Structures are given as structure tokens and as C-alpha cells.
């Protein structure tokens, strides 16, 4: 508890009349995910010759399932919540719900209309209705939760007590890291493996086979030990970079070690659940290879001390470890064992979801590096002397 005469930083004063930066940043991130999921795989653009809004007047499709409806509704609920939280406190209550519902209709209508130009996508009035309905449900929940979340709730108090005033955008970034583990990857925490994707793009564009990874390692055949060592480095560096990015946003008085364990535990649980869902339940821990186990152990040993290091050192080490992870994961071939496992992956109903998950998996390390390096983020501002009252 702060003494009555303790100085309070201007950034720690109540949020009266101010918006929520973390809500706006999360809204932008979620909108990008919706766009990527709705227009994935972004290939074969062409005009079908059908009027753009014909899908609004067509009969409801007969092939829909309860799963499709549930996914469409649930996928837009967070969008509606974030819309209302972003408007608060300038617009609240019924007006916020109505504006969020209208925005949901405009966004999902745009997504469905553009799908007219994608041969692998089919615009649907059912998708429009269910997506807009999910946004409306989210808007109602957001209006209900907004005062407690942004003004006086327990989460708001924890946010002030544990995290720095400038941490809003960074918290959105680190919250996306566990979700970036959903997409199947060759190596645990091996986000940012972009060279195979770029090779595929260049091969289609130039009409010839191009293997950028092979060019970086001409004639090199990796042994089992080399795969093992590479995965150890990727896992250790990937987790260290992500955790240190989080630590750059945490106050000195926060339970740093517990936050680290919770952060890593969430990522591993998400990884296990997604592997079980995409493949089979007995493959829930197929990613826990000897190299991954070694990387987890080394990463935990490193982080046990680094979570208490000065924030300047944490930021620099986060950059170094993320860059090292990117270099290794982009210069070694795909693990042949993982490739054989991936053959049993039938995307099916998860095609849209997988597009957004792949987007996160590929870009998260690059966005994190941009966040850590850009001076305007000012990750190392001095904390005010007086801690906010609990």
C-alpha cells in the first residue's frame, strides 16, 4: 500500500476519460487474424463474373454443420468484446453494443465479398449471419465486463501492480506467443521458419524448383545428433526470447518467476491440445523429442537467473536469442520425422483457423524483434518511486 503522500506518476492515475491501449492493440491484432483466416491461402485471385453481393440472396447452404456454425460464432465473439473495450469509456452501454454490431456486419461482409475473387473460398450468407451474431454476443459481453476490466476489476488492479505503464502493446504481443504454438512446427518453439514458404513462392513465380535452405547448406546431410543439437538451440532460444520479452514489461515487485512458469506452461498446454486435436490424442506430445527436452531444460536454467536481470540486459538478450533461433530454424532442413507425422494432418474444417495460426507462427519472432528494437517503445522507462495502491 502506498503512503498517502507518495508521489504517483501521471501514467498511474486513474483511467477516467481515457481509452484502453491494450484493447486497441488487441483489436488490431485480432482484425489482422480475421483477414488472414478469411482470405487464406491468398492465391489464385480472379473474377468469377458473378455479382459481388449475389451470396446475400442465395438459399442457405445445405451442407453446413453445427461445428461450422459454432466456429463462426465463437471466432467473432472476441472481436465484439474488443470493439466495445476499445470504445470505452467514450462510448459505452447500448450505443457501444450497436456500433460494435454494425462494425461486425461491415467487417464480415467485406470478408465474404472479397472471397468472390478466391477460387478456394465460397462466400456464404450463413457465414455472414453467424459471424455478425458472434460479434453481437461479444459486444454484449464487452459492455457488461468493461467497467470491471478497465476501471475497478481485479485484472485491472493486477495490471497496475505487476506491469509497467507502457506495457499495453507488449502484453498483446506476448499473449500471442502461446497461440503461435498452435500451428504444427518442425521444432518446439521454432517460430519464424519462413525460408520454406519463400522457396515455395519463388518456385511458383519462376516456374522452377528453388530451395533456399538447400542453397545455404549445399550438399550437407545432417546427422541425428545435428538435428538433436539444432532443436535444443531452437527450443532454448525461442523460449528465452519470448520470456525475456515478457520480463521487459514486468515491474520489479511482480512475481517474475511465477509469471515465467505460467507463461511457459500455457504455451506447452496449448501445444499439447493443438497436437491432440490436429492429429490424434496419442500424438499430443509428439513434439516432446530429446532435443526439445534438452532445450526446455537449458532454457529454464538460463531463465532462472535472467528473469531477475536488469531490463536493459533482458531486452538485449531477448533480441540475441530470437535472432539466433531464427537463424538456426531457417538454415536446417525440415525434420524428416516431423514431415512423416505431418502427412497424417488433414486440415479439413480447420483450414481457415490454420491460416491464422500459421500467420502467427511465421511472424511472431519478427514482430517481437521490431517491438524490442524500436526506440519509440521505450521499454526501459524508469518506474515511479511509489507503487500504485492495491
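Figures for the structure shown
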{"item": "Mean separation of Cα contacts under 8 Å, 6 or more apart, over the residue count of region 74-230: relative contact order %", "result": "22"}
{"item": "Cα gyration tensor of region 184-329 - equivalent ellipsoid semi-axes, whole Å, descending", "result": "30, 19, 15"}
{"item": "Spacing of the two label points (7 Å from each Cα toward its C-beta) at residue 91 and residue 45, in nm", "result": "3.0"}
{"item": "Relative exposure of 293, 112, judged by other C-beta atoms within 10 Å (fewest first)", "result": "293, 112"}
{"item": "Computed FRET value (nearest 0.05) for residue 373 with residue 56, which takes r as the C-beta separation and R₀ as 45 Å", "result": "0.45"}
{"item": "Relative packing of peptides 326-333, 72-79, 277-284 - highest average C-beta neighbours within 10 Å first", "result": "72-79, 326-333, 277-284"}
{"item": "Distance in nm between pseudo-label sites at residue 223 and residue 70 (7 Å out along the Cβ direction from Cα)", "result": "5.0"}
{"item": "Burial order of peptide ranges 45-55, 305-315 (average beta-carbon count within 10 Å, highest first)", "result": "305-315, 45-55"}
{"item": "Rg/Rh for region 10-162, where both radii come from Cα atoms and Rh is the Kirkwood radius", "result": "1.07"}
{"item": "Residue-span extension gain [residue 205 to residue 304] - 0.36 nm each, minus C-alpha spacing", "result": "30.9 nm"}
{"item": "Ranked list, fewest to most other Cβ atoms within 10 Å of each Cβ, for 366, 189", "result": "366, 189"}
{"item": "FRET efficiency, residue 198 to residue 258 (Cβ-Cβ, R0 45 Å, nearest 0.05)", "result": "0.70"}
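Quick note: the coordinates plus some simple rules give every number you see, no bench work behind them. In this text, all values refer to a predicted model and were calculated from it rather than measured experimentally. In this analysis, Cβ positions are derived from the backbone assuming ideal geometry, glycine residues included, and neighbour counts consider all displayed protein chains.
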